Each structure stands twice: as C-alpha cells, then as structure tokens.
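Input: a single structure, listed below in structure tokens.
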Amino acid sequence: MTSESGIRVYADTSVYGGFFDEEFAAPTQFFFQQVREERFRLVDSPLIEDELAEAPEAVRSLHQEFSMRGETATLNQEAVQLQLAYIEAGVVSPKWEVDALHVALATVLGCEIVVSWNFKHIVHYEKIEGYNEVNVANGYGPIRIHTPQEVISYED
C-alpha cells in the first residue's frame with residue numbers, strides 16, 4: 001500500500017518518547033525527518049493521544065505536529081476483536097491489551113509497518129510471529145513490525 005505520499009506507518013507511543021530519549025533519539029529523529037520528507041505517512045490513533053496525555057509537553061507537541069501530517073484513524077470494533085484474538089492466543093496478556101490494540105488497529109487499517117521501541121510486547125520475534133499467526137487466522141495479512149532504526153533509509 002505504498003502511496004505517492006509514502007509508506008503507511010503506525011508509530012506507537014514509544015516512538016514519540018524515543019525522540020527525546022538519549023538511547024533512541026538519533027534514529028527516531030531521523031525517522032521523523034523522513035516522515036517530513038514523505039518517505040513515511042503516519043497513521044495516528046486516539047490510543048496514542050490518550051497514552052501521551054500525561055507525557056512531557058515536548059512529547060505531546062511532537063505528536064501534535066505529526067498527527068496533523070498524516071491520517072487519523074478511529075478505533076473500531078474490528079480492531080477490538082483482533083486485539084481480543086491476540087490476547088486469547090496468548091500473544092500478550094490482558095495487562096498489555098493496549099499494546100495489542102496498537103498492532104490490531106494498524107493491521108485492520110492496512111498499515112504496512114508498525115514502528116515501535118516496545119521490545120517487550122511489540123518488537124520481539126516471538127510477539128511478531130504471534131501477531132501475524134493471529135492475523136492470518138483471522139483473514140488479515142501479516143504486518144511488519146520494526147524499530148525506527150530498522151526502517152529509516154540511509155541512502156542519499
């Protein structure tokens with residue numbers, strides 16, 4: 001689904017926070033630069049805004065800037081059903097249902113990639129395999145899940 005305005009990417013909350021985190025800042029800032037250059041088209045969701053409600057002002061401002069550049073999705077029953085399928089399959093426990101909902105929403109919306117710094121519940125080889133097994137079992141295609149560092153282009 002690459003459009004003229006870039007690859008449709010769902011960047012979860014951790015990516016916005018990573019912009020200001022010493023460990024993740026450089027690749028995250030480069031990722032957002034490539035969003036500005038329209039290599040990527042962000043798909044935003046109310047989940048991200050809710051999770052960032054208590055974040056530092058700089059993180060909320062960054063999100064606001066980029067939420068205006070892409071498309072904003074609405075939460076829907078289809079995504080909630082897929083989220084529950086992930087939980088029922090044991091991909092994540094109910095405690096991490098919001099992480100599952102990020103992946104479900106991106107899948108249902110037809111995003112090409114989920115970008116995250118969440119290594120425990122999203123960007124982990126066992127989790128990715130689990131999400132994609134559930135996706136296929138429920139009639140969706142697999143979704144690619146990567147860190148910002150893995151998707152940025154290093155070419156001039």
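Values quoted throughout were computed directly from the atomic coordinates according to the rules given, and no laboratory measurement underlies them. These figures come from a predicted structure and were not determined experimentally. Backbone-built Cβ (ideal geometry, glycine too); neighbour counts: all protein chains shown.
Extension gain, residue 61-residue 120: 0.36 nm per intervening residue step, less the Cα-Cα distance, totals 18.6 nm. Charge tally around residue 19: other residues with Cβ under 12 Å, Lys/Arg +1 each, Asp/Glu -1 each, net -3.
Taking the Cα atoms only, what angle lies between the long axis of helix 77-88 and the longest principal axis of the chain, rounded to 10 degrees? Between helix and principal axis, roughly 70 degrees.
Output the 0 to 90 degree angle, nearest 10, between the alpha-carbon long axis of helix 125-137 and the longest principal axis computed from the alpha carbons of the chain. On a 0 to 90 degree scale, this one is about 60.
At full extension, residue 129 and residue 68 could sit 18.8 nm farther apart than now, given 0.36 nm per residue minus the alpha carbon distance. Over what distance in Å are the Cα centres of segment 34-70 and segment 88-102 separated? Spelled out, the Cα-based centre of one part sits 22 Å from the other.
When the chain is described by a simple charge dipole with +1 on each Lys and Arg Cβ and -1 on each Asp and Glu Cβ, the residue from 59, 26, 83 located farthest towards its positive end is 83. Shape analysis of segment 21-101 places it in the prolate category; the axes a ≥ b ≥ c from the Cα gyration tensor give an a/c of at least 1.5, with a/b above b/c.
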